[in-house]
1. Whether any residue in the range 60-80 is more than 29 Å from Gly8 (Cβ to Cβ) and among the small types (Gly, Ala, Ser) is what I want to check.
2. Report, by residue number, each residue of the range 62-74 that is touching a Leu at 6+ places or on another chain (Cβ under 9 Å) and touching a residue at least 40 places away in the same chain (Cβ under 8 Å).
3. Any residue in the range 28-47 that is aliphatic (A, V, I, L, M) sitting within a Cβ distance under 7 Å of a residue that is in a strand (DSSP E or B) and crowded, with 17+ Cβ neighbours inside 10 Å? List the pairs, counting only those 6 or more apart or interchain.
4. Among the residues of the range 27-34, is any among the small types (Gly, Ala, Ser) and touching a Phe, Trp or Tyr at 6+ places or on another chain (Cβ under 8 Å)?
5. Tell me which of these Arg60 doesn't satisfy, since it passes every other one: (1) exposed (fewer than 13 other Cβ atoms within 10 Å of the Cβ); (2) closer than 12 Å to Gly33 by Cα.
Amino acid sequence: MRVRSPTGMPSVADLVDEETVRRLAGPEAHARGTTLADEGHVRIGEFGPLLVSASVDDERPHDVELRAAGATLTYTCTCDEAAGGAFCAHCAATAIVTRRRSPNRA
Ligand SMILES: [Zn+2]
């Protein structure tokens, strides 16, 4: 995992690089997440360095939280797939929107 960490504490945005999101989600959830992000189904709530929350409208709304816990990305979503521990399409969509919104620090 690549982690850009200028201050020593990676932010959520640092932890959702494309490679990581693809690996966590798998191709199917990643593709679905990309579609949800592209079609504007992600409504960001909080957008902080250590917590990003969103409501993702996928037939019904699902509440997603992505957190940076040290160098680890943790995630929750209210859908059934995430209840089984999966990084679901809603988590992927939120991660993709987080990356797009984040200022490029380079
Ligand atoms: Zn979900």
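1. no
2. Answer for the range 62-74, where residues must be touching a Leu at 6+ places or on another chain (Cβ under 9 Å) and touching a residue at least 40 places away in the same chain (Cβ under 8 Å): Leu66, Arg67, Ala68, Ala71, Thr72, Leu73.
3. Leu36/Val42; Leu36/Val56; Leu36/Asp58; Val42/Ala54; Val42/Val56; Ile44/Val52; Ile44/Ala54
4. Looking for residues that are among the small types (Gly, Ala, Ser) and touching a Phe, Trp or Tyr at 6+ places or on another chain (Cβ under 8 Å), one finds at least one in the range 27-34, hence yes.
5. Status for Arg60: all satisfied but (2).
Residue-by-condition table, conditions (1) in contact with a Gly (Cβ under 7 Å, 6 or more places away or on another chain); (2) loosely packed, with under 14 Cβ neighbours inside 10 Å:
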residue	(1), (2)
Ser11	no, no
Glu19	no, yes
Arg22	no, no
Leu36	no, no
Ala54	yes, no
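Taken together, the values in this text are just the output of simple stated rules run on the coordinates, not laboratory data. This structure is a prediction, so every number in the text was calculated from the model and none was measured. Glycine gets a Cβ as well: all are built from the backbone with ideal geometry, and neighbour counts include every protein chain shown.
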